[in-house]
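Asks: Okay, here's the structure, questions in a sec.
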Amino acid sequence: MKETKRYIQIQTIARQLCDIMQQHELKDIGELKEWLEHNNTAIEIIKSLMDDSELSKKIELYRQQDKEQAILSLRTKIQKHQRHRVIIRISRVAAVIVLLIGCGLLYHKLSQQEKHQTLASTISSKLSPVIITPNGQHYDLSKVLTDTTHNLNIAYKSTEEIKYTYQPPAVDIEEEGYNQLIIPNQCNYQVTLCDGSVVRLNAGSRLEYPNSFPSHERKVRLTGEAYFEIKHDGRPFMVEVRQASIRVYGTHFNINAYQETNIETVLVEGKVGVSIQDSTYQEKILKPNQLSRLNLLTGEQEIVDVDVQKYIAWTTGFLRYDNDSLELLIEDLSRWYGADFDFKDNKLKNIRISASINKDTPLEEVLAMIQTTAKIKFHLIERRYIITQ
């Protein structure tokens, strides 16, 4: 019974293939196979051919057609018989075609779709950068800012950058409330402040700043990571990061404050001083190509010479690691790709790794590279990657 049913299904598929051949004027099975392999809609064609519900409909349709044709003339019966022989001949290879294309092309395409769908389900939806004004108004920077936002003093906005109207230092104003520029995971954003200074914010960061700086100083507050290019105009520029202060003397530098207790400041050019607010801690001056690592709990500060390109690689679309901990790399991947990770054994966090990762590389390719390099495995369980040895 099952074999009879399967035969009817194969024969029905064969008849559908015949219809396709006739519709597209294909001469033989070879042309049919080539047409299916190179047709962009082949996957839908094969799926429809093999769909049980669609097969049932086709079987009933062809049975009805056969009943109607049974009362036709002898000539019609002969033609039908000839076509039936073609169908039988095609039915012999129909299963082969279905296997070759259905189990090859279809399986490959569907498996790729499922792979990407599974991966997509592990990655949180991408959010947009927003500005929160001192009076509590929220502005989504992925949308067009209307005329009602003229009081923001914004001169230009795109999906990746915002520029404030330039105001010279001679303007004497009282210090006003601070805007909050909030950058979610999975994106970077650049802001040009009203003094012409440029700040590039990394994923999962926040910058607080006024629309206009007072005449005696410029001050902003940072959470997360940012690269600063400060324009010299005679006024001191201060970056407050929790209890720490970075005083700028006209310079390019990077601040990484993702961790609660440690703040890393890397100087590219110019001069900066790092200190702890409201304490007797003496400010320490950095020279170009130096890194300051400040522990807010102990007050200890380490200053070392470094390759600054490693620390600012994220501004050019790369993540660079040089004998760094696997924990650091995973934290960066979580922020950039919006995926969740858990270590099965905390000892794995201390594995050292060196790598350069293009941030446009799909996550599954990055994880495959890390598995090979660090000799670890990623297991996707309930939308989280579990890291094991």
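Asks: Quick check: from the Cα gyration tensor, does the range 130-312 come out rounded (a/c under 1.5), prolate or oblate?
Replies: Here the range 130-312 falls in the prolate category.
Asks: Sorting Ser158, Ser334 on the 10 Å Cβ count, fewest up front, what's the list?
Replies: Ser158, Ser334
Asks: Moving on to the next point. Pairs Lys143/Lys163; Lys347/Lys377; Lys310/Lys377; Lys271/Lys359; Lys271/Lys310: which are spaced more than 22 Å apart, C-alpha to C-alpha?
Replies: Beyond 22 Å: Lys310/Lys377; Lys271/Lys359.
Asks: To continue, here is another question. Among His138, His252, rank each residue by its count of other Cβ atoms within 10 Å, from fewest to most, as a rough exposure measure.
Replies: Ranked by crowding around the Cβ, least crowded first: His138, His252.
Asks: In addition: Along the charge dipole of the range 317-388, Cβ charges K/R +1 and D/E -1, which of Ile357, Met369, Tyr337 sits furthest on the positive end?
Replies: So the residue furthest toward the plus end is Met369.
Asks: In a shell of Cβ-Cβ distance under 12 Å around Thr133, excluding Thr133 itself, what net charge do Lys and Arg (+1) and Asp and Glu (-1) give?
Replies: Here the charged neighbours net out to -2.
Asks: Just report the Cα centroid separation between the range 295-328 and the range 346-389, whole Å.
Replies: 19
Asks: What is the dipole size for the range 317-388, taken about its Cα centre, with +1 at each Lys and Arg Cβ and -1 at each Asp and Glu Cβ, in debye to the nearest 20?
Replies: 200
Asks: Quick one: net charge around Asn262, please, counting Lys, Arg +1 and Asp, Glu -1 for every other residue with C-beta under 11 Å from its C-beta.
Replies: Combined, the nearby Lys, Arg, Asp and Glu give -2.
Asks: Modelling each spin label as a point 7 Å along the Cα-to-Cβ direction, I'd like the Thr316/Gln389 distance in nm, to one decimal.
Replies: Roughly 3.8 nm, to one decimal.
Just so you know, all these numbers are worked out from the coordinates, no wet-lab data involved. If you're wondering where the values come from, they're calculated on a predicted model, not measured in any experiment. Glycine gets a Cβ as well: all are built from the backbone with ideal geometry, and neighbour counts include every protein chain shown.
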